[in-house]
Amino acid sequence: MQDVEKEMMLIANAGEARSKALEAIQAAKIKEVDRARSLLAEARVSSRAAHKIQTSLLQQEASGNKYEVSVLLIHAQDHLMNAITVIDLAETIVDLFEASRD
């Protein structure tokens with residue numbers, strides 16, 4: 001896979017992860033906690049796929065193959081970090097909605 005392809009796949013997977021996490025919050029708000037948990041699981045799968053790409057880029061550079069830092073790479077990294085943060089928050093929010101339904 002070419003560098004730009006990797007960066008675009010990182011963005012796509014991170015974006016999917018973030019979207020699923022936000023959907024999970026919406027599901028929890030309408031008391032669909034099981035659906036919210038399923039969406040969070042999907043978000044984690046997409047996040048892991050993005051993280052795998054990031055890890056391959058890190059390994060490439062660690063092995064001595066310099067990787068050109070581009071605006072696209074920075075953007076991709078931003079998407080991944082944002083997705084991870086949203087997933088973490090969504091998990092807590094879903095927990096709170098679940099606790100409040102008892």
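The values are calculated or read from the model by the stated rules, or taken from the named source; none is laboratory data. Everything numeric here is computed off the predicted structure, so don't read it as measured data. Please note: Cβ atoms are built from the backbone with ideal geometry, for glycine as well, and neighbour counts cover all protein chains shown. We work out accessible area using only protein heavy atoms, side chains counted, and drop any ligands, DNA or RNA first. Shrake-Rupley method; radii C 1.70, N 1.55, O 1.52, S 1.80 Å.
Checking the structure you have, find out if any residue of the stretch 81-98 is of a type outside the set (Ser, Thr, Tyr), at pLDDT below 95 and either surrounded by fewer than 17 Cβ atoms within 10 Å (Cβ to Cβ) or under 15 Å from the mean Cα position of the chain (by Cα) (or both). Let's see the steps before the verdict.
Going through the stretch 81-98, the residues of a type outside the set (Ser, Thr, Tyr) turn out to be 81-84, 86-91, 93-98.
Then keep just the ones that are at pLDDT below 95; that gives 97-98.
Right, trim to either surrounded by fewer than 17 Cβ atoms within 10 Å (Cβ to Cβ) or under 15 Å from the mean Cα position of the chain (by Cα) (or both) and you get 98.
Taking every residue of the stretch 81-98 in turn, at least one turns out to be of a type outside the set (Ser, Thr, Tyr), at pLDDT below 95 and either surrounded by fewer than 17 Cβ atoms within 10 Å (Cβ to Cβ) or under 15 Å from the mean Cα position of the chain (by Cα) (or both).
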Matching residues, the stretch 57-80, being out of contact with any Lys or Arg (no Cβ under 7 Å at 6 or more places or on another chain), outside any loop (DSSP other than H, G, I, E, B) and open to solvent by less than 70 Å² (accessible area, probe 1.4 Å): 60, 72, 73, 76, 77, 79, 80
Among the residues of the stretch 38-53, is there at least one that is open to solvent by less than 70 Å² (accessible area, probe 1.4 Å), touching a residue at least 40 places away in the same chain (Cβ under 8 Å) and either in contact with a strand residue (DSSP E or B) (Cβ under 8 Å, 6 or more places away or on another chain) or of a type in the set (S, T, N, Q) (or both)? yes
By residue number, the members of the stretch 13-37 that are part of a helix (DSSP H, G or I), exposed (fewer than 15 other Cβ atoms within 10 Å of the Cβ) and among the charged types (D, E, K, R) are 29, 34
